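A.B. asks: Take a look at this one; I'll ask things after.
The values are calculated or read from the model by the stated rules, or taken from the named source; none is laboratory data. The structure presented is a predicted model; accordingly, all values stated were derived computationally and were not measured. Virtual Cβ from ideal backbone geometry, glycine too; neighbours counted across all protein chains shown. Ligands, DNA and RNA are stripped out before the accessible areas are found, and what is left, the full protein with its side chains, is counted by its heavy atoms. Shrake-Rupley method; radii C 1.70, N 1.55, O 1.52, S 1.80 Å.
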Amino acid sequence: MENSLYITLSRQEVLRRQLDVVSNNIANMNTTGFKSQRMLFLEYLERPDPQGERMSFVQDFGLQRNIDAGPLTVTNNELDLALRGEGYFAVETLTGTRYTRGGAFQLNNSREIVDHSGLPVLDTANQRITVPADATEIHIAGDGTVSTEAGALGRLKVVSFADQQRMMELGGGLYEANQEEIAVEQPQITQGAIEGSNVQSVVEMTQMIDVLRTYQSVQRMIDSEHERIRGAITKLGRVQ
């Protein structure tokens, strides 16, 4: 296969993966606390043989997460919490602690504070927070302290990490972080509100159209190169 076809095919493969990323962003436009992502590209140079010219391929080498805060939506639900600024809530899973910006919490049958998937939310002592059955109201202060009319129940665990780009997205608004937790000493929590997705629909739709057009343009280049090679082979065959 001609070098030009290898190069254009490498571009198409990257565009296909870029379209997957854009599609995932659009699918999560209404996911609480979701952070949009962008692909990072790198020129990959290869010299097929010591005397040959270098071939310049297109290579994607990672994703960059936009960690800017999403818009605040007021719900007046006392268990809806929005984190403003840095930090993640910690939740308990069967495979260990995971992290989320999605603060649409609720009470389970045991009156434990859980996230939308039923995962218990942890306090600073890595314990679940249980609300007494006779509590008539729940107050959550800006620093994460949970209390009722009977007194304080605990303080929500809010942590950050040295490199948030290395956090692995697990789906459902959860992240895994193979890094040491950094406690956020003064979190900014708003009760009765949730943080929306920071996906900008117009930007993502524009990006999707641009990717599709570029893919079609590259395909035309491949078709043109294919016709050139086929024409050359046909002419050479007639000469013989």
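A.B. asks: Over the range 101-185, consider all pairs of different Cα atoms and compute the Kirkwood hydrodynamic radius from their mean reciprocal separation; express it in Å, one decimal.
C.D. replies: 14.1
A.B. asks: So, one more: Find out how many positive minus negative residues lie around residue 167, taking Lys and Arg as positive, Asp and Glu as negative, among other residues whose Cβ is under 9 Å from that of residue 167.
C.D. replies: -1
A.B. asks: Just the number, please: carbon plus sulfur as a percent of the accessible area of the range 78-193, 1.4 Å probe, no ligands or DNA/RNA counted.
C.D. replies: The C+S portion of the solvent-accessible surface of the range 78-193 is 45 percent.
A.B. asks: Once amide H atoms are placed 1.01 Å from N in the peptide plane, what residues at a sequence separation of 5 or more from residue 31, or on another chain, have their amide H within under 5 Å of its amide H?
C.D. replies: Those qualifying (amide H under 5 Å, at least 5 residues apart or on another chain) are 197.
A.B. asks: Still on this structure, please answer the following. Give me the number: length gained by fully extending residue 65 to residue 137, i.e. 0.36 nm times residue separation minus the C-alpha to C-alpha distance, one decimal in nm.
C.D. replies: 22.2 nm
A.B. asks: Something else now. Please list, ordered by chain and number, the residues whose modelled amide H lies under 5 Å from the amide H of residue 154; skip anything fewer than 5 residues away on the same chain.
C.D. replies: 146
A.B. asks: Using alpha carbon centroids, what distance separates the range 8-43 and the range 124-161, in Å?
C.D. replies: Using only Cα atoms, the two centres lie 37 Å from each other.
A.B. asks: What FRET efficiency comes out for the pair residue 179/residue 84, r = Cβ-Cβ distance, R0 = 22 Å, nearest 0.05?
C.D. replies: 0.45
A.B. asks: Another one. Would you kindly state how much longer the chain becomes between residue 73 and residue 17 on full extension, computed as 0.36 nm times their sequence separation minus their alpha carbon distance, in nm to one decimal?
C.D. replies: Separation in residues times 0.36 nm, less the Cα-Cα distance, equals 17.0 nm.
A.B. asks: Another question, then. Residue by residue, what Karplus-based ³J(HN,Hα) values in Hz, rounded to whole numbers, does the range 18-26 have, using 6.51, -1.76 and 1.60 with θ = phi - 60° and x for Gly and Pro?
C.D. replies: Values per residue, Gly and Pro as x: 5, 5, 4, 5, 4, 4, 5, 4, 5 Hz.
A.B. asks: Taking θ as phi - 60°, what are the ³J(HN,Hα) couplings along the range 141-155 by the Karplus curve (6.51, -1.76, 1.60), each to the nearest whole Hz, with x for Gly and Pro?
C.D. replies: 6, x, 8, x, 6, 9, 8, 10, 5, 8, x, 6, 10, x, 10
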